[in-house]
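All of the numbers you see were taken from the coordinates with simple rules; none came from a lab. Just so we're clear, the structure is a prediction, and the values are computed from it rather than from any experiment. Note: ideal-geometry Cβ built from the backbone for every residue, glycine included; neighbour counts use all protein chains shown.
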Protein chains: 4
Amino acid sequence: MNNAILLISCPDRRGITAAVTNFVYQNNGNIEHADQHIDAQTNTFFMRIEWALDGFRIARDAIAGKFSPIAKKFTMTWPLYFSDRLPRAAIFVSGHTHVLYDLLLRYKEKQFNCEIPLIISNRSDARHIADNFGIEYYEFAKTSKNKNSVEKKEIALLAQKGIDTIVLARYMQILSKNFVNRFPDRIINIHHSFLPAFAGANPYAQAYNRGVKIIGATSHYATPKLDAGPIIEQDTCRISHRDSIDDLKRKSMDLEKVVLARALRWHLERKILVYNNKTVVFD
Amino acid sequence: MNNAILLISCPDRRGITAAVTNFVYQNNGNIEHADQHIDAQTNTFFMRIEWALDGFRIARDAIAGKFSPIAKKFTMTWPLYFSDRLPRAAIFVSGHTHVLYDLLLRYKEKQFNCEIPLIISNRSDARHIADNFGIEYYEFAKTSKNKNSVEKKEIALLAQKGIDTIVLARYMQILSKNFVNRFPDRIINIHHSFLPAFAGANPYAQAYNRGVKIIGATSHYATPKLDAGPIIEQDTCRISHRDSIDDLKRKSMDLEKVVLARALRWHLERKILVYNNKTVVFD
Amino acid sequence: MNNAILLISCPDRRGITAAVTNFVYQNNGNIEHADQHIDAQTNTFFMRIEWALDGFRIARDAIAGKFSPIAKKFTMTWPLYFSDRLPRAAIFVSGHTHVLYDLLLRYKEKQFNCEIPLIISNRSDARHIADNFGIEYYEFAKTSKNKNSVEKKEIALLAQKGIDTIVLARYMQILSKNFVNRFPDRIINIHHSFLPAFAGANPYAQAYNRGVKIIGATSHYATPKLDAGPIIEQDTCRISHRDSIDDLKRKSMDLEKVVLARALRWHLERKILVYNNKTVVFD
Amino acid sequence: MNNAILLISCPDRRGITAAVTNFVYQNNGNIEHADQHIDAQTNTFFMRIEWALDGFRIARDAIAGKFSPIAKKFTMTWPLYFSDRLPRAAIFVSGHTHVLYDLLLRYKEKQFNCEIPLIISNRSDARHIADNFGIEYYEFAKTSKNKNSVEKKEIALLAQKGIDTIVLARYMQILSKNFVNRFPDRIINIHHSFLPAFAGANPYAQAYNRGVKIIGATSHYATPKLDAGPIIEQDTCRISHRDSIDDLKRKSMDLEKVVLARALRWHLERKILVYNNKTVVFD
């Protein structure tokens, strides 16, 4: 199965859907999925369209060129993807390995449409897991002093390995603005609270101390501002006065795994559009 | 705001979306919502498209005629609705009035895009509520003996009042096959269990006796087979060994209200397509 | 059914449960409910015990005196309630009446074990609802200038009517510190967000702008610090990019109703203990 | 930490709680948890009491003898456990290994208070996982013909290894009545549907075909009647018309893992009492 996917954003006006679907149809494409959304507040049109390339009359490499006039006419932002060109993701991890383990098991079960060639960590805790799954493991000890130089090495490594997607699987180091800006809307983080509540350090203790009756986890794209990027997915679970901080942690860990897995899956399937620090998710 | 809405079902093949969106665009319509879904198992295409009639070049009464050739080409089922022609709904109720009250309050808050000219009951319990909201109340005492003749009167009344949608708000009488078949996919029922578990009588006691840890409510279109029609919406809530049957009832009542309200709202907004005893809900 | 209820808090040590249950048993009381909890962090013991007075050997008015030595021995805080002495609640409301309506319907359905003799508002919107349910309605127009003098009148009225519990049913005025401190842990508010996220004004718009994927509602005891009191109950529901602020409002309204109803019910059944700005809820 | 735990069931009458808590107190025990519940329908009293043995005046082996007169007086069923005598669990698995993997990861994270000395399977699929976690793996090929003789071998092995708890982690073989009856309330199964809906084979397809909007998973004690034993825990998640059977399976797998983990944890912590084919869970 080899499909083309367009993720379109542009000012809304008459004729966009007709123009896009005609382009596919007149070139003998078969639309498999088409979703659209109009944000009334900003008058913005969003579309995700996926069609089979089998029988499509335009060669893969010529599609962008042929679609370009339509894109110009409507002032579109329009990344084009092919389902057989797999994203290449690196996982960053620190001392907590439950999310990493969960991601790798799902990866093995073919839940993620990507390649995961490497894992990067500031610690050695997860090395045996990487070994177990046959994935390269790179350890970069980071301190506040060597952060810049280490990040340079990480960026070089990511470039060398052709990485386009970064998954922060409970990575406990804050990435620099420079690092984050190199991967716009391509670094997916899991934060162990229901954002915007309990951003920053130790959200389990923050939740415990505030006495909330429900806790949550949030997956979002990383931006230079900590825990403030576009939210992709959240989920919650009920707690009570009987739950200690350790219980909160245990319950949260289950949320973290499923929330990050859903977010990553949507990202890899090209189902997410970002605008105004928010996401449209065509699930 | 005056929109046209098409709910399309047909065998899937190339060009359907392009044909439909072209029809709208070339006649100067502005698409406000477009959703589609392909059921891979049965190769069936589903679409809901809604466009503004303001500026549309085809007169309202001519739209069906002009669209007809496209519909024929693709062998479509294609009900056409206009958002300013409000559905006319009758609510059927018996002794439990919590759902009725909830519906009427939402109706007053403009949550339902319809007219509710009458309430029908086999009892007098809800008459004061109908009076309070200024809605006509008809009481038809039913027994197993007079069921046929009473249903005839009800059908005549519904026809006279121009009713196209029937809401069974905890109506405790079983409608005859003849009655149900006159309103295909237009009778919306709320059943106080998580179907298909606990169909039939007294689902609260059934759930209590089985010792489930979660209860639910289900809204579905009525079909001649009891509690077996296409499911529109469901929701659940957690219970424990501490909950008596009365607690289950109280918790369930909250579910019944929101589940029926969501289902009715989607129905009135023409967001539901039925096939194979299942629903596609374009919410 | 006439029961006594003790809500006990004290430092944890050996023998508390035995002392309390012996007191009940040796005086021929039948325990109907007993729950306890130890907060390990602060070494605090919490207990709720409810027993039938039918056959109990100590006269109702003598119970406190007889229990007092036990309470002293363990340095207990120990409010004593009788299930047949109904709390008397006043509802405060402003322009949004959905929560008020919901409360009154549940009150009529006997879901709340209390008397509701009056409704207080800064507006006239809800007067017809109060009339409809046969409850006195008092309107106190408030401005920043007359706030103190108006609150004095309200406090006098509440005293005159014997009110011990205040329910803020989307009351949009901020009560003064003086007012709040007169009703410690006896003013129950509903805030239309998942606190601590989106405290303060217009949480619907705050949630919409932040792009969260789940919204919530929170019921808490009012304290002088706005939206920061002990949380009693919360619930959440899923939203998506398709939901406008109006949709958020509509969905939130359903949460607000059930969350406040649960919190009020627990409060009236004497199931809540407050400590450290948190709640123990023995549901 | 070494605690004693009593799980008491008996007809309700005056004085049970006082008798039990006095027993602990007068022998210098410190109660850490005490929960009780009265089932009003059957007038049955349930209690879970846990106290520290540190400083307790009765020797561990003498506790049962000393408590026996109280138990007799109230006609109690009263299993006594010690928190440092770990249950020994065997996991049964077939071809689907996601639940097994999840259990073993939680086991390694110390979420389960037990020993897991062996895994039994009718297939070889999970052998490498068992090896990876350093747990013995026994493969017993089963057919309808050799079932009895194979079960005999399994029972002998379980006896030899001192197993008292069996976890069916998506084990796809039906155990005989004889086998099940040897482990009353000690075989924990996970069924991949919201029971009682979709018992038996292929619940994913059953749910898909019925068109439900929510799916679930159920953990229960196995009884000779298939999928009909006392329910310990359930959870649900929302699906839509967009979800294929494969999507249902993927979503269900996440439910299966958390639901079984919760049920097993409660079982191992001696928090579950069974009566009338239902469970009281003191979580």
Taking N as the number of residues in region C:215-275, what value does Rg over Cα atoms divided by 2.2 N^0.38 Å take?
1.28
With Cα atoms, 0 to 90° folded angle of helix D:16-26 axis to chain D main axis:
70 degrees
Furthest towards positive pole of dipole, B:Ser94, B:Ala156, B:Gln111, structure part region B:88-281, Cβ charges
B:Ala156
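Report, in deg cm²/dmol and to the nearest 500, the calculated mean residue ellipticity at 222 nm for chain D, where each DSSP H run with n ≥ 4 adds -39500 (n - 2.57) and the sum is divided by the residue count.
It lands at -10000 deg cm²/dmol.
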Could you list A:Ser144, B:Ser149 so that the one with the fewest beta carbons within 10 Å of its beta carbon is first and the one with the most is last?
A:Ser144, B:Ser149
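Net charge around C:Glu136, counting only other residues with Cβ within less than 14 Å of its Cβ (Lys, Arg = +1; Asp, Glu = -1)?
-1
Rounded, prolate or oblate: which one fits region C:135-276, using the alpha carbon gyration tensor with axes a ≥ b ≥ c (rounded when a/c is under 1.5, else prolate when a/b beats b/c, else oblate)? List each step's numbers first, then the result.
Numbers: a/c = 2.08, a/b = 1.58, b/c = 1.31.
Note, shape of region C:135-276 comes out prolate.
Could you size up the charge dipole of the protein assembly as shown around its Cα centre, putting +1 on the beta carbon of Lys and Arg and -1 on that of Asp and Glu, and report it in debye to the nearest 20? Before the final figure, lay out each step's value.
Details: 156 positive and 116 negative charges, 0 e Å.
I would put it at about 0 debye.
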Could you give the alpha-carbon Rg of chain C over 2.2 N^0.38 Å, rounded to two decimals?
1.09
What net charge is computed for the residues neighbouring B:Asp12, neighbours being all others with C-beta under 10 Å from the C-beta of B:Asp12, Lys and Arg scored +1, Asp and Glu -1?
0
Cα-Cα separations in region A:119-179 greater than 16 Å, expressed as whole percent:
46 percent
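Over region D:3-82, what is the mean sequence separation of C-alpha contacts under 8 Å (at least six apart), divided by residue count, expressed as relative contact order in percent? Walk me through the numbers on the way to the answer.
Numbers: 128 pairs, mean separation 37.3, N = 80.
Relative contact order, region D:3-82: 47 percent.
Would you mind calculating the relative contact order of region C:42-133 from Cα pairs under 8 angstrom and at least 6 residues apart, reporting the percent as a whole number?
Values: 52 pairs, mean separation 25.1, N = 92.
Rounded, it is 27 percent for region C:42-133.
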Distance (nanometres) between label positions extended 7 Å along Cα→Cβ at C:Asn202 and C:Asp54
5.7 nm
Between copies, how far apart are the A:Leu157 label points? List them in nm, one decimal, shortest first, with each point 7 Å from Cα toward Cβ, please?
4.3, 6.9, 7.7
7 Å from Cα along Cα→Cβ at both A:Arg238 and A:Glu139: what's the point-to-point distance in nm?
4.4 nm
Once the dipole of region D:17-77 is set up with Lys and Arg at +1 and Asp and Glu at -1 on Cβ about the Cα centre, which of D:Ile31, D:Ala52, D:Thr17 lies farthest towards its positive end?
D:Thr17
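When only C-alpha pairs under 8 Å and at least 6 residues apart count, what is the relative contact order of chain D, in percent?
Values: 510 pairs, mean separation 43.7, N = 283.
This gives 15 percent for chain D.
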Measure out, as a whole number of angstrom, how far apart the alpha-carbon centroids of region A:191-267 and region D:1-36 sit.
38 Å
Residue list for region D:84-126, given a label point 7 angstrom along the Cα-to-Cβ vector of D:Lys153 and an amide N cut-off under 20 Å:
D:90-95, D:117-126
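So for C:His96, C:His128, fewest C-beta neighbours within 10 Å to most, what's the order? Write down the numbers at each step before the final one.
Numbers: C:His96 18, C:His128 10.
If I rank by nearby Cβ atoms, fewest first, I get C:His128, C:His96.
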Lysines within cross-link reach of D:Lys249: Cα-Cα under 24 Å, excluding same-chain residues under 8 positions apart?
A:Lys108, A:Lys110, A:Lys251, A:Lys257, A:Lys271, B:Lys213, B:Lys278, C:Lys213, D:Lys213, D:Lys257
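Only counting other Cβ atoms within 10 Å, I'd like A:His192, C:His98 sorted with the fewest neighbours first.
On the way: A:His192 24, C:His98 17.
Least crowded to most crowded, the residues run C:His98, A:His192.
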Quick one: what does P(r) look like for the protein assembly as shown with 10 Å bins over all Cα pairs, in whole %?
2, 9, 16, 21, 22, 17, 9, 3, 1, 0
Starting from a label point 7 Å past Cα on the Cβ side, list the distances from A:Pro117 to the same position in the other copies, nm, shortest first.
4.8, 7.1, 7.9
Excluding residues on the same chain fewer than 8 positions from A:Lys152, give the lysines whose Cα lies under 28 Å from its Cα.
A:Lys142, A:Lys161, A:Lys177, A:Lys225
If the label for C:Arg88 sits 7 angstrom from Cα along the Cα-to-Cβ line, what are its distances to the same label in every other copy, in nm to one decimal, shortest first?
5.1, 6.7, 7.7
Cut-off 11 Å between beta-carbons: net charge of the residues surrounding A:Thr218, Lys and Arg +1, Asp and Glu -1:
-2
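Which value, in debye to the nearest 20, describes the size of the charge dipole of region D:1-145 about its Cα centre when Lys and Arg Cβ atoms bear +1, Asp and Glu Cβ atoms bear -1, and nothing else is charged? It would help to have the intermediate numbers written out before the result.
On the way: 17 positive and 15 negative charges, 102 e Å.
Approximately 480 debye in magnitude.
Please label the shape of region B:3-82 as rounded, prolate or oblate, based on the square roots a ≥ b ≥ c of the eigenvalues of the alpha-carbon gyration tensor (a/c under 1.5 means rounded; beyond that, a/b larger than b/c means prolate, else oblate). Numbers along the way, then the final one.
Values: a/c = 2.04, a/b = 1.72, b/c = 1.19.
Because a/c hits 1.5 or more and a/b exceeds b/c, region B:3-82 counts as prolate.
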Taking the Cα centre as origin and putting +1 on Lys and Arg beta-carbons and -1 on Asp and Glu beta-carbons, what dipole magnitude results for region C:3-82, to the nearest 20 debye?
360 debye
Please work out which residue of chain A brings its Cβ closest to the axis of the rotation superposing A onto B, and round that distance to whole Å.
A:Thr21, 3
